[in-house]
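The structure appears below as C-alpha cells.
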Amino acid sequence: MYIINIGMVHGTHNALADDRNETIKISMNGELLPRGEAKISVFDSGYLVGDGVWEAFRLHKGVLVFLNEHLDRLWQAAATIGMKLDFTREEITERIWDTLRANNMYDDVHVRLMVTRGLKKTPSQDPRLTISGPNVVIIAEHKQASQESKQKGIILFTSTIRRGSPDYLDPRLNCHSKLHEVQALVQAIEAGADEALMLDVNGFVSTCNATNFFMVKNGEVWTSTGQYCMNGITRAKVIEACERFGIPVYQKNFSLFDVYGADEAFVTGTFGGLTPVTMVDGRILGNGKYGEMTQKLSGLYETLVQEDIEKNHG
C-alpha cells in the first residue's frame with residue numbers, strides 16, 4: 001500500500017492550517033450545503049470517466065483576481081470537450097460570489113470551480129447517455145500560502161511520464177483526467193522530491209505536474225514554448241511582467257542540460273504565485289536558495305495582482 005505522511009507533505013500548495021474550513025458551505029448546482037453534506041452521485045460523469053473541466057480562482061482583498069482570464073480558460077476548456085455550459089459568465093460569477101458571501105470570505109481564499117457533463121444513465125463513456133445538465137460544484141476555502149515553503153523552495157524530480165501531445169490530450173486543457181500527472185507526482189515523491197518536472201514528447205522541458213516551470217540563466221528568463229505545457233494564468237502574467245519591465249524572457253525549447261546549469265528556477269501557479277526551485281534531480285541550482293531574479297519577479301507579479309485589485313475596486 002502506498003501511504004503518504006500528511007505531516008511531511010511539502011510543495012507549491014502548502015497552506016497555513018485554518019479551522020474555518022471545517023465549517024464551510026459548498027455550492028452544488030446553486031444549493032449551499034455544509035461541507036459534510038456536499039456529495040456527488042456515483043453516476044456523475046466526472047467520477048465515472050473524468051469527464052469534466054475545472055478552474056481555480058484566488059480572492060484577494062475582495063477581488064477575484066484575473067477573473068476574465070480564468071473564465072476565458074473555462075469556456076475554452078468546455079468548448080474543447082464539446083460540453084455546453086448552461087450558465088453565462090455573469091451567472092457563474094454570481095454563484096461564486098454567493099458561495100464567498102455565505103462563508104464570509106474576503107481575503108486569502110482559494111476557489112475551485114468544477115463542471116462535469118452531468119449524471120449518466122449507466123456507467124459509460126458515451127456522452128449521449130447523460131441524463132442531466134452539467135453538475136457544477138464550487139469549493140471556496142480559507143487558504144493562505146505558506147511563506148516558509150516559499151522561502152525554503154521545492155525540489156523537483158524529472159518523471160518518465162511525458163506531457164501529452166495536443167492530438168490526444170492537449171496539456172492546455174484543464175480537465176478532470178489528471179491520472180498521468182498523479183503518476184508523475186508519485187514517481188517524484190518516491191524519489192524523495194516534492195513535485196515532478198515533466199518533459200514533452202520531444203524530450204524538452206515542458207511543465208511540472210501541477211505548475212509551470214521557469215529557469216533563469218545570465219539574467220534571462222526561459223520557459224517552454226507553451227505547446228506542451230499547462231495554459232497557466234500565472235505563467236502568462238509572469239511573461240507579461242518580464243516584457244513590461246524590461247526583463248529578457250523567452251518561450252523556447254530547452255532540455256535538462258540547460259536546467260542543470262541554471263542560475264535559478266521557479267514554478268508558477270494560481271495558489272502559490274511564484275515558488276523557487278532549489279534542486280532538480282539531485283543537482284543544486286545556483287546557490288540553492290530563493291534567487292534574486294525569482295524574488296524580483298515575485299514582486300512584479302504581485303504588482304500586477306495589486307493593479308487588478310485596484311481596477312476592480314475602482
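The values are calculated or read from the model by the stated rules, or taken from the named source; none is laboratory data. Computed from a predicted structure; not experimentally measured. Cβ placement follows ideal geometry from the backbone for every residue including glycine, while neighbour counts extend to all protein chains displayed.
Can you tell me which of 259, 277 is hydrophobic (A, V, I, L, M, F, W, C) and buried (at least 23 other Cβ atoms within 10 Å of the Cβ)? Quick ask: steps written out before the conclusion?
On the way: 259 fails: buried (at least 23 other Cβ atoms within 10 Å of the Cβ).
Residue meeting the stated conditions: 277.
What's the number of the only condition in (1) surrounded by fewer than 21 Cβ atoms within 10 Å (Cβ to Cβ); (2) of a type outside the set (Val, Ile, Thr); (3) within 24 Å of residue 286 (Cβ to Cβ) that residue 179 fails to meet?
Going through (1) surrounded by fewer than 21 Cβ atoms within 10 Å (Cβ to Cβ); (2) of a type outside the set (Val, Ile, Thr); (3) within 24 Å of residue 286 (Cβ to Cβ) one by one, residue 179 breaks only (3).
Report, by residue number, each residue of region 105-151 that is farther than 19 Å from residue 35 by Cβ, outside any loop (DSSP other than H, G, I, E, B) and basic (Lys, Arg).
120, 128, 150
Mind checking which pairs have a first residue in region 293-314 that is β-branched (Val, Ile, Thr) and modelled with pLDDT of 95 or more and a second that is crowded, with 19+ Cβ neighbours inside 10 Å and assigned to a helix (DSSP H, G or I), Cβ under 9 Å, 6 or more apart or different chains?
Pairs found: 303/241; 305/237.
Given the criterion out of contact with any helix residue (DSSP H, G or I) (no Cβ under 8 Å at 6 or more places or on another chain), surrounded by fewer than 22 Cβ atoms within 10 Å (Cβ to Cβ), among the polar types (S, T, N, Q) and within 22 Å of residue 295 (Cβ to Cβ), identify the matching residue among 202, 218. Lay out the reasoning, then the answer.
Values: 202 fails: within 22 Å of residue 295 (Cβ to Cβ).
Being out of contact with any helix residue (DSSP H, G or I) (no Cβ under 8 Å at 6 or more places or on another chain), surrounded by fewer than 22 Cβ atoms within 10 Å (Cβ to Cβ), among the polar types (S, T, N, Q) and within 22 Å of residue 295 (Cβ to Cβ) holds for just one of 202, 218, which is 218.
Can you find even one residue in region 5-13 that is of a type in the set (Val, Ile, Thr), over 15 Å from residue 113 (Cα atoms), modelled with pLDDT of 95 or more and not assigned by TED's automatic domain parsing to the domain that holds residue 273? If you could, list the steps in order and put the result at the bottom.
Just the residues of region 5-13 that are of a type in the set (Val, Ile, Thr), to begin with: 6, 9, 12.
Narrowing the set further to residues that are over 15 Å from residue 113 (Cα atoms) leaves 6, 9, 12.
Within this subset, residues satisfying the condition of being modelled with pLDDT of 95 or more are none.
No; the residues of region 5-13 include none that is of a type in the set (Val, Ile, Thr), over 15 Å from residue 113 (Cα atoms), modelled with pLDDT of 95 or more and not assigned by TED's automatic domain parsing to the domain that holds residue 273.
For region 102-116, does any single residue satisfy the condition of being among the aromatic types (Phe, Trp, Tyr) and closer than 30 Å to residue 278 by Cβ?
In the first step, residues of region 102-116 are kept if they are among the aromatic types (Phe, Trp, Tyr); the result is 106.
Filter once more, so that each one left must be closer than 30 Å to residue 278 by Cβ: none.
So far as region 102-116 goes, no, none of its residues is among the aromatic types (Phe, Trp, Tyr) and closer than 30 Å to residue 278 by Cβ.
Give me the pairs, please: first residue somewhere in region 38-67 and free of Cβ contacts under 8 Å to residues at least 12 places away in the same chain and assigned by TED's automatic domain parsing to the domain that holds residue 175, second residue anywhere and surrounded by 17 or more Cβ atoms within 10 Å (Cβ to Cβ) and among the charged types (D, E, K, R), beta-carbon distance under 9 Å, and either six or more positions apart or on two chains.
Within 9 Å, no pair qualifies.
Need pairs with beta-carbon distance below 8 Å; first residue touching a residue at least 60 places away in the same chain (Cβ under 8 Å) and within 10 Å of residue 151 (Cβ to Cβ) and within region 275-292, second crowded, with 22+ Cβ neighbours inside 10 Å and of a type in the set (Asp, Glu); sequence gap 6+ or separate chains.
Once the first residue is touching a residue at least 60 places away in the same chain (Cβ under 8 Å) and within 10 Å of residue 151 (Cβ to Cβ) and sits in region 275-292, its partners that are crowded, with 22+ Cβ neighbours inside 10 Å and of a type in the set (Asp, Glu) give 276/264.
Would you check which residues across region 188-197 are buried (at least 16 other Cβ atoms within 10 Å of the Cβ) and either over 15 Å from residue 207 (Cα atoms) or in contact with a Pro (Cβ under 9 Å, 6 or more places away or on another chain) (or both) and list them? Show your work before the answer.
Applying the first criterion (buried (at least 16 other Cβ atoms within 10 Å of the Cβ)) to region 188-197 yields 188-189, 193-197.
Hits for region 188-197 are 189, 193.
Just to be sure before I move on: is residue 111 buried (at least 19 other Cβ atoms within 10 Å of the Cβ), over 21 Å from residue 175 (Cβ atoms) and either in the same structural domain as residue 137 (by TED's automatic domain parsing) or at pLDDT 95 or above (or both) in the structure I sent?
Judged against the criteria, residue 111 is not a match.
In region 67-91, which residue that is in contact with a Phe, Trp or Tyr (Cβ under 8 Å, 6 or more places away or on another chain) and either farther than 27 Å from residue 49 by Cα or among the charged types (D, E, K, R) (or both) is surrounded by the fewest Cβ atoms within 10 Å (Cβ to Cβ)?
If we take residues in region 67-91 being in contact with a Phe, Trp or Tyr (Cβ under 8 Å, 6 or more places away or on another chain) and either farther than 27 Å from residue 49 by Cα or among the charged types (D, E, K, R) (or both), then 89 is surrounded by the fewest Cβ atoms within 10 Å (Cβ to Cβ).
Output the residues belonging to region 277-298 that are in a loop (DSSP other than H, G, I, E, B) and not small (Gly, Ala, Ser).
We begin by selecting, within region 277-298, every residue in a loop (DSSP other than H, G, I, E, B); these are 281-282, 285-291.
Hits for region 277-298 are 281, 285, 287, 289, 290.
Could you check residue 43 against (1) at pLDDT below 95; (2) surrounded by 16 or more Cβ atoms within 10 Å (Cβ to Cβ) and say which number it fails?
So the condition that residue 43 fails would be (1).
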